[in-house]
Structure formats: C-alpha cells, structure tokens
1. Of everything in segment B:43-60 that's assigned to a loop (DSSP other than H, G, I, E, B) and over 11 Å from B:Tyr75 (Cβ atoms), which residue is nearest to the other protein chains (Cβ to nearest Cβ)?
2. Mind counting the residues in segment A:188-202 that are facing chain B (nearest Cβ under 7 Å) and in contact (Cβ under 8 Å) with a residue 24 or more places away in the chain?
3. Would you confirm, using the coordinates I've provided, whether A:Gly510 is at pLDDT below 90, of a type outside the set (S, T, N, Q) and either out of contact with any Leu (no Cβ under 6 Å at 6 or more places or on another chain) or in a helix (DSSP H, G or I) (or both)?
4. Is it fair to say B:Glu176 is more than 19 Å from the chain's Cα centre (by Cα) and either farther than 24 Å from A:Thr341 by Cα or surrounded by 15 or more Cβ atoms within 10 Å (Cβ to Cβ) (or both)?
5. Taking segment A:54-64 only, how many residues are crowded, with 21+ Cβ neighbours inside 10 Å and either part of a helix (DSSP H, G or I) or among the charged types (D, E, K, R) (or both)?
6. Taking the condition at the interface with chain B (Cβ under 10 Å from one of its Cβ atoms) and in contact (Cβ under 8 Å) with a residue 12 or more places away in the chain, does A:Ile229 pass?
7. Checking the conditions here, which among A:Tyr12, A:Tyr26 is in a helix (DSSP H, G or I), aromatic (Phe, Trp, Tyr), closer than 28 Å to A:Asn280 by Cβ and out of contact with any Ser or Thr (no Cβ under 9 Å at 6 or more places or on another chain)?
8. Pull up segment A:244-291, narrow it to residues that are among the hydroxyl-bearing types (Ser, Thr, Tyr) and in a helix (DSSP H, G or I), then point me to the one that is nearest to the chain's Cα centre (by Cα).
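The values are calculated or read from the model by the stated rules, or taken from the named source; none is laboratory data. What you see is a predicted model; the values in this text were computed from it and never measured. Quick reminder, even Gly has a Cβ in these numbers, built from the backbone with ideal geometry, and neighbours come from all protein chains shown.
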Amino acid sequence: MTFEGWLQIAIYLAVLTALTPLLGGYMARVYRGERVFLSPVLDPLERVTYRLLRVNPQARQDWKGYARTTLVFSLLFWIVLYVILRTQGIHPFNPEGFDSGTWDVSFNTVSSFISNTNWQFYGGETTLSYFSQMAGLAVQNFVSAAVGMAVLAAVIRGFASRGTAQLGNFWQDLTRTLLFILLPLSIVGTLILMSQGVVQTLAGSITYTTAQGFDQTLALGPAASQIAIKQLGTNGGGFFNVNSAFPFENPTGFSNFVEVLFILLIPAALTATFGRMVGNRRQGWALYAAMAVMLVVGIAVAYGAEQHGTPAQRDAQVATASADGTTGGNLEGKEQRFGITGSSMWAAITTAASNGSVNSAHDSYTGTGGAVPLVNMMTGEVIFGGVGSGLYGMLLFVLLAVFIAGLMVGRTPEYLGKKIEAREVKFVLIGTLYTALAVLVTTAIAIATKWGAPSIYNPAPQGFSETLYAYTSQGNNNGSAFAGYTGFVQPNAPGNVGAFGITFADLLGGVTMLAARFVPLLAALAVAGSLATKRVSPAGAGTFRTDTPTFVALLVFVIVIVAALTFFPALLLGPVVQALTDQLF
Amino acid sequence: MRRELISSVLAIVVFTILLGLAYPLVMTGVGQVVWPNKADGSQVERDGKVVGSRLIGQEFEGPRYFHSRPSVTGYSANVTYFNNLGPNNNELSDLFRDNLAGYLRRERRYTPGLRPADVPPDAVQTAASGVDPHISEANARIQARRVAQVRGLSLDRVLELVDENTDGRGLGVLGEPGVNVLELNLAIDAEAA
C-alpha cells in the first residue's frame, strides 16, 4: 500500500463529501417543484412532455396509486424491451449484422435492466446491435434509475408529511428526474469521457494489421453517452463485455476517477436531499455518515487484501511487493493504469452502490478482497446503494434500528416525530429480510441441483463463491459478477451464431432480480403511506435522537448484525476458506 | 387503469426517442466534431496506414520489441472477456509459472542474474481487458536492456524513449503511470530506422 494510493482514496472521499450538499440541495428543489438554474431551458421541455404523455402533473397520488403507476409503467417497459431484443435482426444501426437474442438470455437481460441491476449474461460487443444498446438498454439505464429516484421522493414525502396521505405524482417525479437531474449530468459526463478517449461513433468495427503484422479488430460504438448514464444511474451494464476495464470504456486514470465518482454521486447526494426535505439537514448527514463509515472499511480491506497478493501468485513465485516503478500486489485481472488502488476502490464502491460495473475481474480477487464486494451487497445495498433504492432501503433499516432502540429502553419508537407501530414494522421486516431470504434460497437451489452446475467455472470453494456472488448480486440488484459464472454460451464468437443460454440460470436470475426490485420498493412505499397520515409529536427530553453519532453507530451495528448473522455461514464456505489457506484447488 | 396504460405507452415512446435516439445521436455528433480521432478509437497510423489504437494493447513477439502484458484473449479488441481464474486456482498458478519462466528466458540474456522477485507482477499476470495498452515502468526498464542491445541503441536513449511514452497519473495523482507499449515500439522503430 502506497502513499499515492491512500491519497487517491482521500481525494475521492473529499470530493464526494463536498458535492453531496450541492447536488443534494439541487435535487431537493427539483422534487419540491421549485425553480432551478436550468429551469429557463427545461421548463418548456417539461411542459411539452406532460402534454405528450397526457398526464396532469398536479394530480396527487397516495401510496397505492403511486405504486400502481410504477408497476404498470415498469411492466409495459419490460414487454417493449423484450420485443426489441427479440427482434434485433430487423432494426437499424446494426453494422455487425447481429441476430436476435435467445428467449432465455433476453428474459434475463430485460429483467436485469428493468430492475436497475444490469447483470451481464449477454456479451455487449458480440451480440447486441447499436440500436439495442441505445434505444433499448441505455433508455432503461435512464428510466430504471429515474423510477428508483421518483419512488424515493415519494417515500421521503411520506416521512415528512404533515397529515396528508398524498405522496406526489409519479409522472411528475419521473419526468423531472430525467430532465433536470439525469440528462444534464449525463451530458456533462459524456463530454468528459469523450475528451479522455471513450469512443462515440455509429461506424462499425475496423480491422487492420498491427505494427508487427497481426490482425486486430476494434469494436466501436456510441459508448460514451451510454457509459455516462450507466455510472450515474447505478446501472453498470457495460457497452463492452469487460465493462469499464476495456480501454474504450475507461481509458485513463482520470476517466476512472470520474466514472467511480459518478457511481456514488447521486446516491450520496440523496442523503442531503432527504435531510432538506424532512427539514433537518443533520438527519441526512447522519445517514451519510453511517454509509461512509461502512464504505471506508470496505475500501481499506479490499485495498490491503489485493496488495497482499494471492496464493496462486506466491506458489508461482510471482513478486507481490511494491517497488520503484511497480505497484506490486495482485494484478491478475487488473489494468496497469488503475493499479491496485483504482481497482480495489472501484470494487468496493460499485458494490456499496448497486452499480455493478467493474474495472477489474472480481473473480480473480483474493479471498478477502472478493469478500468485500459480497459483504457490501449482502447489506441489502444500503451503503449508498442504488439511486433512490439505496436510500429507501436504508430508511427501512433506520426504522428497524429505531425499533430496536425503542425495545431496549422501553419506549414507543419514533422517527422524525412519528410513532413506529406494528404495521410499519411488519413492512420494514418484509423489506429488509426479503432480499436476504431470496439470496440464500436461490443460491441453495443453484448449488444443490444439477442445473446450477453448468454455470460454474472455477472448481472447489471459488465455484461456490461464484454461485453465491451471482445470486447475491442479482438478489440485490447490483449486477457485478464473479464473471466465470455464466448463463450464456457463445461458441462461435463474434456474432451470436450457435449461441445458447443456460435456461435455468437465466430464468432463476431474472425472477430473482425482478422480485428484489419490487418487493422492497412496495414495502418502502407502504411504510411511507402509513407514516404519511401520522401526527408529528414534538421532540422532548425523552426523545431518542436520530441525528447523533450514537444513532449512527447503532444503525451500522444493526445493518452489520442483520447481514452478518444471515450470511456468515455462506461466507465461510467460499471466500473465507480461500482467505485462510494458501492451498491451491 | 386505462389512463395509466395509455400514459405509460406514450412515456415509453417519448423517452425512447429523447434518451435512446436524440441524446446519443447528438452526443455522437458533438464527439465527431470536437474529438474526431478519440471518438473513433484513437487510431494510430504509420506510413498512412492504421496499425492500431493508442488505447488498445496489441501483440509483440521476438527480441526487437517491448512486449505487452500477457493476454488470454489473444489481444482481441472485439471479443473481450476476463481470465476469471480464482485466487487459489491451480491452473492460474501454472499460467503464472509459464509466463514467468518465459519472461526470465527472454530477458536473462540481456539482464544477467534477473531473479523472479525482480519481475513486476504486471509482466506475468493477465490484464482484465486482455488489451491493456500499458506495462509498468519497472517492467519497461527490464525490457529496455534487451531492446537497446538488439537494436544497437544506447540504453540511455531507450530509457529516454520509455519516459517519453509513459502516460502519467491523471492530474498528477489519479491512477498509476503506465508505459504505452505501441507508441514506445513505434518510437523505437523510428529511432532505429
């Protein structure tokens, strides 16, 4: 571990913390319907959109109405995206002439993008046309992110409500998220990425003879515009198969910093949005602090573990020490320009948020280094988490922590002056425990039956880790992978001739992702709906404060205990075994 | 319910046109005008013919050139995948062993006494993308001795070229420095010609 390495981590945290109140304040104004500096340009566009959609943005919805619109919209978009992928062969912008996807892989991919997971069983540059990427997947990058943020806005209104059951209007929140937040940030991001060398063209691939006379073919495409939103919207689905490890997706140390900053930018800033919308900024900072503490621990552990190197490396007498001119450490599956710091930071951050893009091969991480992304996801994606979904997931944990604190001191638990009672706690438990249950059950099915076996690549404990990672990732809408695990076989690459999906993995994963998205989403909306009409009691001397370091510590402990108790046995079987031994398998 | 269905369909159409077509196509236009070379993949030409991209590693063999990092994908830039072997995997250890032995065999003639501990890991371990355009500076300095002797150039001059073709950290702090193998080899060719 080097000074330069820690410096990069410190700079990252400083920039993220500085941007949180700025962007958070801006987003609070957007969700309150106030004027912002982009209003002169975007207000007309917003009005036209409402007219085209034939919606009345003034109409208010209670939690059930809001939930219904969310579900109808998502279901219809699922169908449309499925049709796009299955009819790929007849669409324009297809210079490589790719055929349509198989039904099972398409099911998985569509479920993956609708649920903001972006799990990659598909191969970007070898199976998808530019049309599918732009008009199919990239649109979902925007929309699934915006749906999560819109629902969060509704949930926050429920927490902050003074008596009314109305949580806002889905169409208004969706439109304002897309036009005022995601689109402007994506344009800025695209420009930065293009300046660094990320490709953006409609031309097909080019083939040439290399300097020493070999043939090489460059896959190209409109990548920059898609990568900007894939990072910002905690989507993570790569334009190219190896995602942000590919130089055309992430060419420099600077582009790497921008991309990894974009992962947490919105999820972090939303804590400040929350603080402003409930009228107490300290409440937002308390959530930010709890998230940041867990993030930093993850980064430090992953960085240390990767610098230490792997058993395979030591067995083959490969150097692991850092020295003049080399980072040392475990560089298997890592790019020179990112090194150990840039790679391990990314691994911790992309799994803390439910982004799931990768700039290195997680499957080749050390046992301990690979456990960090797993544990991050197992918290239920609340260490910043997905845009919107991370914070509403975190709010469920907050209520759980408040509830436990209430039990300990024998008082009726309250949050923001509202009593937490049986009905809310039931929904909280559904929201917080459902994903853990789903992960364990699906992993068990995949391990215990013969159908799970064809997906596994590595032998012994790593094979188990791959399966556990796959269903943890899909069951928490992350989308990163121990990528040896596959649901798609492509014997005659490039082009999808002769390719077929592993139906079991595609279907189980697809269903897992959809449920993992919508069960907590509905639970959070239900809690918000229930809190919305409650009276606010003034804070007194006996009130348990939720904006203090004590509460931050309690919240972290509750999250760690829920995740640790649930998953510890599973972790023992995979990553922990490998971390404890130098034996090769 | 019917109103929601209608609005949903309209929203899908409107947002697909705005975000799926207008946004990427406008961005493509901007990229093609402002950064035409970068938007098309940073292609590098020699004698008017494209020989590679400065961002994409390619294969070099024999004693006359600096070698890129090992690749399990055959340096493919259109079918990319990770090696994906786990940290305790036997095959991975074998792969490292082979790569390390090959590196030592190649360089020891020009760097007598080169030990395994002197070889930086990037020279032995495969990159994530399979087309990492860079090698570490330590790796380049070892190879420089070979290239200098085979090409009849002074070691100092070759090390100078290594420095000139090193991409530093972003803004001086972000990422790790790396030596761009393709650009370095083209510079060596020009120098030796």
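1. Initially, segment B:43-60 is screened for residues assigned to a loop (DSSP other than H, G, I, E, B), giving B:47-48, B:54-60.
Still in the list and also over 11 Å from B:Tyr75 (Cβ atoms): B:47-48, B:54-55.
Working: B:Asp47: 11, B:Gly48: 12, B:Arg54: 8, B:Leu55: 4 Å.
Looking at the filtered set, the residue picked out is B:Leu55.
2. Of the residues in segment A:188-202, the ones facing chain B (nearest Cβ under 7 Å) are A:190, A:194-195, A:197, A:199-202.
Still in the running and in contact (Cβ under 8 Å) with a residue 24 or more places away in the chain: A:190, A:194, A:197, A:199-200, A:202.
Selection size over segment A:188-202: 6.
3. Working: at pLDDT below 90: no; of a type outside the set (S, T, N, Q): yes; either out of contact with any Leu (no Cβ under 6 Å at 6 or more places or on another chain) or in a helix (DSSP H, G or I) (or both): yes.
Against the criterion (at pLDDT below 90, of a type outside the set (S, T, N, Q) and either out of contact with any Leu (no Cβ under 6 Å at 6 or more places or on another chain) or in a helix (DSSP H, G or I) (or both)), A:Gly510 does not qualify.
4. Working: more than 19 Å from the chain's Cα centre (by Cα): no; either farther than 24 Å from A:Thr341 by Cα or surrounded by 15 or more Cβ atoms within 10 Å (Cβ to Cβ) (or both): yes.
Considered against the rule, which asks whether it is more than 19 Å from the chain's Cα centre (by Cα) and either farther than 24 Å from A:Thr341 by Cα or surrounded by 15 or more Cβ atoms within 10 Å (Cβ to Cβ) (or both), B:Glu176 comes out as no.
5. Step one: list which residues in segment A:54-64 are crowded, with 21+ Cβ neighbours inside 10 Å, which gives A:55, A:61, A:63.
When the remaining residues are screened for being either part of a helix (DSSP H, G or I) or among the charged types (D, E, K, R) (or both), the result is A:63.
The total comes to 1.
6. Details: at the interface with chain B (Cβ under 10 Å from one of its Cβ atoms): yes; in contact (Cβ under 8 Å) with a residue 12 or more places away in the chain: yes.
It is true that A:Ile229 is at the interface with chain B (Cβ under 10 Å from one of its Cβ atoms) and in contact (Cβ under 8 Å) with a residue 12 or more places away in the chain.
7. Numbers: A:Tyr26 fails: out of contact with any Ser or Thr (no Cβ under 9 Å at 6 or more places or on another chain).
Sole residue among the options that is in a helix (DSSP H, G or I), aromatic (Phe, Trp, Tyr), closer than 28 Å to A:Asn280 by Cβ and out of contact with any Ser or Thr (no Cβ under 9 Å at 6 or more places or on another chain): A:Tyr12.
8. Kept after step one, since they are among the hydroxyl-bearing types (Ser, Thr, Tyr), are these residues of segment A:244-291: A:244, A:252, A:255, A:271, A:273, A:288.
Among the residues that remain, those that are also in a helix (DSSP H, G or I) are: A:244, A:255, A:271, A:273, A:288.
Values: A:Ser244: 14, A:Ser255: 19, A:Thr271: 16, A:Thr273: 19, A:Tyr288: 17 Å.
Going through the qualifying residues, I end up with A:Ser244.
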